[in-house]
């Protein structure tokens, strides 16, 4: 962060790293209009917003746009920035652009969901086909064949043979 504390440093008003509300920033004299109305150069926030916050913002925007006596000292917060309808019927501003972007998002989300469903359906169809083919290989070549093992299954001949169950106790001998 750049601070200007000493008298030998000169504040450059066109420096994008400096804001008038920065701690340690000192400027003698009047602030030019171009600096006063300069928008902050922040990156756009792309973090998802909660539905409750979206509803609050929508309600507040409708209320502000309905106020006949609302005007802003800063041009960035005028009603026309949020919504403006031209004489030819075209709508401009944040709210129409937001509605258009939300509709586009919904259409693309639906297309994505349809594509995901198609992929899942085909994956399950392939799974069913593989299971059926494994059964056919077992029937044709046998469960101890190399073809059976090539499908990822264990050959029947690779399983351990069951040996004796262990020493007989008096109790097990009496029951047999």
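Throughout, read-outs are computed from the coordinates displayed, never taken from laboratory work. Quick caveat: nothing in here was measured; it's all calculated off a predicted structure. Positions of Cβ are generated from backbone atoms using ideal geometry, with glycine treated the same way; all protein chains shown enter the neighbour counts.
Side notes on the structure shown:
- Test result for residue 126, without any contact (Cβ under 8 Å) to a residue 24 or more places away in the chain and over 25 Å from residue 51 (Cα atoms): yes
- Which listed residue, of 112, 107, is within 30 Å of residue 81 (Cα to Cα) and surrounded by 10 or more Cβ atoms within 10 Å (Cβ to Cβ): 107
- Summed over the range 131-146, residues that are in a helix (DSSP H, G or I) and surrounded by 12 or more Cβ atoms within 10 Å (Cβ to Cβ) total 4.
- Candidate set: the range 58-87, residues that are without any contact (Cβ under 8 Å) to a residue 12 or more places away in the chain and part of a helix (DSSP H, G or I); chosen: the one farthest from the chain's Cα centre (by Cα): 66
- Verdict on residue 85 being farther than 30 Å from residue 153 by Cα and in contact with a strand residue (DSSP E or B) (Cβ under 7 Å, 6 or more places away or on another chain): yes
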